[in-house]
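The numbers here are math on the coordinates, done by the rules we state, and not lab data. Note that the coordinates shown come from a computational prediction; the quantities given were computed from them, not determined experimentally. Cβ: placed from backbone, ideal geometry, glycine included. Neighbour counts: every protein chain shown.
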């Protein structure tokens, strides 16, 4: 073996054994402003008109697909900068049109954006703006969560299962470095909601776990990682969205717990994030009668929650931003202008993603002129926004280099950190028949079932597109079948009748729990099929292993399954890690960051060494 090959192999082995760090120097955020930055804040503020100030507190949305400067769409964005004088944008991925038809609803509209396109559009808007724009994004799972080619990390709950603060810091630092290279300055992460409700349809795997102390520790590490990479960190969704069973994208959740319960469970992780120096907090569209007994006063619009609790009791002095004002929990009840005014009166600094930016700006300006919104309140928010922009260095450099971007976004070294996180999160819940790693020869005939909650909306995460080739690389004779709530009784009966003809059965279950669908279960006929297969194989030597992607609580409804692997995620990385664990190519050591009602406690997880060796 050549020396170079040996060195590469040694490096890869070392990378798997400990958290991977990058040699790219990080432009960490300064804790305080220097004299020049302070002067810029003061000078800029003194020159601002009322229109300038109102625009600063409204943040609009922008897609990151290629956009020519000679288009109506770009002209509309320019008007938001030059006429509405908006202070920033939240960067989304992309979308494509789909037909609004009945019966076949499988078309997906969500796509990933493009890094160079996002950077180019942001640069052009920055150049047109008299005051630097603050660009934000929802990079909960890395910049690759929204932008193609950037690094995609597992969902937060996977990091909770891996239980490694340094790994969290590394992932956050990479996210910050890639985001800043694209022109994004503020990450709407980490999610510090403590997910203690198994039926939570919106947070779920976006949470780091169920233990307030563990969530707080990992969230603090994430904040530190983002800041070391030069990005603002945002704690969300205040004061805690973890114990809801309603998705605030489609309704208004109500949390009825008393204040002492909130102090014990929901608030500690926010306190830990604030103590770590978090730069921003996002408020939630949730109703908490113990904190505000008004008829319709979600946290986003509640002065007792935003000002009295967050600013007063928790002593938070950074930016406060609303959750998207386009979500149904608020948008169905209030006109955009009224909602924006109430958000600022509650104590928020930034009104995020209003359904109508013009209406929001007009409503805020009119409220200030009438005295409904005190000018001092608006001024305080504007100053906080300018200070944040100065901390980011936008007063000296607001454009990014398109030439340097390909070296700073994506790549093998960053992907290795994501792989490590994914591999270390895999959790073995059950192995009653001692079949993990999979006890099957390479020549075995394997039946693979890809079992979906429903087949629509999988545009950027087509189920099993990685599992199937990874299985076939190890067991060439794989018969792959997809089932969902649209599968007919005869199709399900055919699978049931033919299953025992195979040497081994491997199942992947894909159930989403966020955002916007409100669904989080398998169809009953599919649940029955899996239970039947467990019983049919019980008296045989045939391996039967089930891997779960997405909602990790689903196994509680399938108690008869003999072998269960959890991934806490979707996408290619989770699929590759699951098959590697199944085959014994990677060790298994993830621990449950949540409890399974009536089944498993927090911290449970069976351990397996590589290649089937038992520890």
Requested in this report: Take every Cα-Cα pair in region 402-514 and report what % of them are more than 23 Å apart.
Outcome: 47 percent
Query raised in the report: So what's the angle, to the nearest 10 degrees on a 0 to 90 scale, between helix 375-391 and the longest Cα principal axis of the chain?
Result: 60 degrees
Report summary line: A student asked for the Cα radius of gyration and Dmax of the chain in angstrom ought to give 24.9, 80
Query raised in the report: Taking the DSSP beta bridges in region 426-612 as the whole, what percent of them are antiparallel, to the nearest 5?
Result: 25 percent
Query - Within region 459-481: backbone nitrogen closer than 15 Å to the residue 585 label point (7 Å, Cα to C-beta) - result: 465-477
Report summary line: Once both label points are put 7 Å beyond Cα along the C-beta direction, the residue 490-residue 362 separation in nm becomes 5.8 nm
Query - Label-to-label distance, nm, for residues given as residue 275 and residue 303 (7 Å Cα→Cβ offset) - result: 3.1 nm
**Report entry** Virtual paramagnetic centre 7 Å along Cα→Cβ of residue 528, amide N under 16 Å, in region 547-588
**Finding:** 558
Report summary line: Rounded to the nearest 5, the percent of antiparallel DSSP beta bridges in the chain equals 15 percent
**Report entry** Theoretical gain in end-to-end length, residue 332 to residue 46 [0.36 nm per residue, Cα-Cα removed]
**Finding:** 99.2 nm
Query raised in the report: Do the sum for the chain: with -39,500 (n - 2.57) for every DSSP H run of n ≥ 4, divided by all residues, what is the mean residue ellipticity at 222 nm, to the nearest 500 deg cm²/dmol?
Result: -11000 deg cm²/dmol
Report summary line: Computed curve, region 426-612, Cα-only Debye sum without solvent term, log₁₀ I(q)/I(0) at 0.13, 0.16, 0.17, 0.20 Å⁻¹, is -0.61, -0.98, -1.12, -1.65
Query - Cα pair distances of region 34-185 binned at 10 Å [whole percent] - result: 10, 31, 30, 21, 7, 1, 0
**Report entry** Inter-label distance, nm, simple model (7 Å from Cα along the C-beta direction), residue 128/residue 572
**Finding:** 3.4 nm
Report task. Give the calculated FRET efficiency between residue 27 and residue 599 to the nearest 0.05, with a Förster radius of 41 Å applied to their Cβ-Cβ distance. Result -> 0.35
